[in-house]
1. How many residues does segment 119-130 contain that are at pLDDT below 95 and assigned to a helix (DSSP H, G or I)?
2. Going by what's in this entry, would Ile23 be described as surrounded by 15 or more Cβ atoms within 10 Å (Cβ to Cβ), of a type in the set (Val, Ile, Thr) and under 23 Å from Met127 (Cβ atoms)?
3. Sort out which residues of segment 52-99 are touching a strand residue (DSSP E or B) at 6+ places or on another chain (Cβ under 6 Å), part of a loop (DSSP other than H, G, I, E, B) and open to solvent by 60 Å² or more (accessible area, probe 1.4 Å), and write them in order of number.
4. How many residues, within segment 36-46, are small (Gly, Ala, Ser) and part of a helix (DSSP H, G or I)?
5. Determine if segment 111-118 includes at least one residue that is among the polar types (S, T, N, Q) and modelled with pLDDT under 95.
6. Anything in segment 100-112 that is assigned to a helix (DSSP H, G or I) and among the small types (Gly, Ala, Ser)? List them, or say none.
7. Out of Lys33, Lys49, which single residue is open to solvent by 90 Å² or more (accessible area, probe 1.4 Å) and not in a loop (DSSP other than H, G, I, E, B)?
8. Considering only segment 100-117, state which residues are open to solvent by 20 Å² or more (accessible area, probe 1.4 Å) and within 13 Å of Lys34 (Cβ to Cβ).
Amino acid sequence: MKPIIFLLFFAYLLSACQEMEGIDMSQLSPEEKKAVESLLWVKDADPNKHAAQALEKGDKRLMAMASRSTSIPGIQPELLSKAKSICGIRYLEGSTDTVFGETHLLLIQRAAEYAASYNKIVVQQCMQTQ
C-alpha cells in the first residue's frame with residue numbers, strides 16, 4: 001500500500017511542477033496576477049547557490065515567510081528562537097499568507113521549499129560561528 005501512496009504523491013508533485021512551467025497569466029485575476037508576478041523568481045531559483053552567495057558576503061540571515069506569524073521553513077522548532085536571534089531573518093520576496101488562487105498557492109509552496117533548503121544551509125554556518 002505504501003508504494004502506491006508514494007507513486008500518487010510523486011505524480012502529484014510532477015503535475016504541479018509541470019503546471020509551474022507554463023503559467024498562463026491571461027487566465028488570472030488582477031490580484032492573483034500581481035501576487036504570482038511577485039513570486040515568479042522562485043520558479044528557477046537555486047537555494048544552494050543563493051545560500052553560498054549570501055554566506056560569501058557574510059549574510060547569515062534566515063529566510064522567513066511573511067504571514068500572521070513569522071514562519072522560518074527548514075529550522076527545527078527547538079532551534080528556532082536561538083537561530084532567529086543569532087542569525088537574524090529577512091522576509092522572502094513575495095511571501096504572504098493570503099492566497100489568491102491555485103497558481104499563487106503553488107508558487108508559495110515552492111517558495112517555502114526554497115526557503116527551507118536555503119535555511120538548512122545558512123543556519124549551519126551561522127550557528128557554527130557562535
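The values are calculated or read from the model by the stated rules, or taken from the named source; none is laboratory data. Since the model is a prediction, treat every value here as computed from it, not as a measurement. Here the Cβ is made from the backbone with ideal geometry for all residues, glycine too, and neighbour counts use every protein chain on show. Just so you know, the surface numbers come from the protein's heavy atoms only, side chains and all, with ligands and any DNA or RNA stripped out. Shrake-Rupley method; radii C 1.70, N 1.55, O 1.52, S 1.80 Å.
1. Just the residues of segment 119-130 that are at pLDDT below 95, to begin with: 124-130.
Those left that are additionally assigned to a helix (DSSP H, G or I): 124-128.
Final tally of qualifying residues: 5.
2. Numbers: surrounded by 15 or more Cβ atoms within 10 Å (Cβ to Cβ): yes; of a type in the set (Val, Ile, Thr): yes; under 23 Å from Met127 (Cβ atoms): no.
The answer is no for Ile23.
3. Our first condition is that a residue be touching a strand residue (DSSP E or B) at 6+ places or on another chain (Cβ under 6 Å); within segment 52-99, this holds for 61-62, 64-66, 70-72, 87, 89, 91-92, 95.
From what's left, part of a loop (DSSP other than H, G, I, E, B): 61, 66, 70, 72, 92, 95.
Once the filter is applied, which keeps residues that are touching a strand residue (DSSP E or B) at 6+ places or on another chain (Cβ under 6 Å), part of a loop (DSSP other than H, G, I, E, B) and open to solvent by 60 Å² or more (accessible area, probe 1.4 Å), segment 52-99 yields only Arg61.
4. The first filter runs over segment 36-46 and keeps only residues small (Gly, Ala, Ser), leaving 38, 45.
After this cut, where a residue has to be part of a helix (DSSP H, G or I) as well, the list is 38.
Within segment 36-46, residues that are small (Gly, Ala, Ser) and part of a helix (DSSP H, G or I) number 1.
5. If we filter segment 111-118 for residues that are among the polar types (S, T, N, Q), which is where we start, we get 117.
Cutting the leftovers down to modelled with pLDDT under 95 gives us none.
Scanning segment 111-118, I find no residue that is among the polar types (S, T, N, Q) and modelled with pLDDT under 95, so the answer is no.
6. Keep residues of segment 100-112 that are assigned to a helix (DSSP H, G or I), which gives 102-112.
Ala111, Ala112, listed by residue number.
7. Numbers: Lys33 fails: open to solvent by 90 Å² or more (accessible area, probe 1.4 Å).
Answer to the check: Lys49.
8. Across segment 100-117, the qualifying residues are Phe100, Gly101, Thr103.
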